[in-house]
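Worksheet for the structure shown next.
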């Protein structure tokens, strides 16, 4: 297990380094930050002055080494507009985005696990057809359309839930439904496929012949093995929710990292955008690493296959 942990952690560090390089290249080579700060109406002299003031005229290698050193010390730069440390701006809003992602994933799993299992237990029945139809509908409906529909029905007409803000848990109900609905279909399909494969295995047939009760057979033995790929996909989906909540947070005016990213993009505040991309990527990598370790802990065959 220790060898597997070291190998996976090393790969995660390498990926983090690659992501750091990509973030630097996109924000300093493919894009001229001096032009973004100066604005569209600035003259060449203004751009040159800004480039010298912020140090953009230094060699790219020097700036890259400084960039890596700042990351190592936790310095993600300073916002061009607010003049505040970017790390403070992100940490202020990260709890909102994290809570939204966790609630959305919990909702998706609460729906996907039982419905996917039911579809596998009764394949090619009306239950299976309903589950597959629900999965297709959940993936076909755009996030922005679902969010606006929830606002019109439950926020404007019925007035059951608040439309915007993030001060209470009630403010997260509609955003969590909107984001969780998009994550539910792949989880549901994966649970169904995994359960069908496990229920057709030899050890399940042997356990059924030994007289083990169907409920115990399904949820103690079959679901435990079928849920292994779901863990990996859940980590991927959770990372996607952290990085892909820009639309949902903008619709419901949640003061999270996604909304901060949207504000920064409209204002060309490149240090904030760069830091958000870097931080979300790091969280995504860590979640994937933790999912792999959890899978290896639950299934020793995974550890043995990588020796």
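Numbers at a glance
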item: Hey, residue 138 under 30 Å from residue 217 (Cβ atoms) and out of contact with any strand residue (DSSP E or B) (no Cβ under 9 Å at 6 or more places or on another chain) or not; result: yes
item: Among (1) in contact (Cβ under 8 Å) with a residue 12 or more places away in the chain; (2) exposed (fewer than 15 other Cβ atoms within 10 Å of the Cβ) - the single one residue 216 does not satisfy; result: (1)
item: Residue within the stretch 42-49 that is surrounded by 17 or more Cβ atoms within 10 Å (Cβ to Cβ) and in contact with a strand residue (DSSP E or B) (Cβ under 8 Å, 6 or more places away or on another chain) present; result: no
item: Residue identified as surrounded by 17 or more Cβ atoms within 10 Å (Cβ to Cβ), in contact with a helix residue (DSSP H, G or I) (Cβ under 9 Å, 6 or more places away or on another chain) and farther than 27 Å from residue 227 by Cβ among 111, 151, 177, 204; result: 151
item: Residue in the stretch 59-69 that is buried (at least 16 other Cβ atoms within 10 Å of the Cβ), at pLDDT below 80, in contact with a helix residue (DSSP H, G or I) (Cβ under 6 Å, 6 or more places away or on another chain) and part of a helix (DSSP H, G or I) present; result: no
item: Members of the stretch 224-245 found to be in a helix (DSSP H, G or I) and under 11 Å from the mean Cα position of the chain (by Cα), listed by number; result: 233, 234, 235, 236, 237, 238, 239, 240, 241, 242, 243
item: Within the stretch 83-100, tally of residues that are touching a residue at least 60 places away in the same chain (Cβ under 8 Å) and under 17 Å from residue 269 (Cα atoms); result: 5
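The values are calculated or read from the model by the stated rules, or taken from the named source; none is laboratory data. If you're wondering where the values come from, they're calculated on a predicted model, not measured in any experiment. Backbone-built Cβ (ideal geometry, glycine too); neighbour counts: all protein chains shown.
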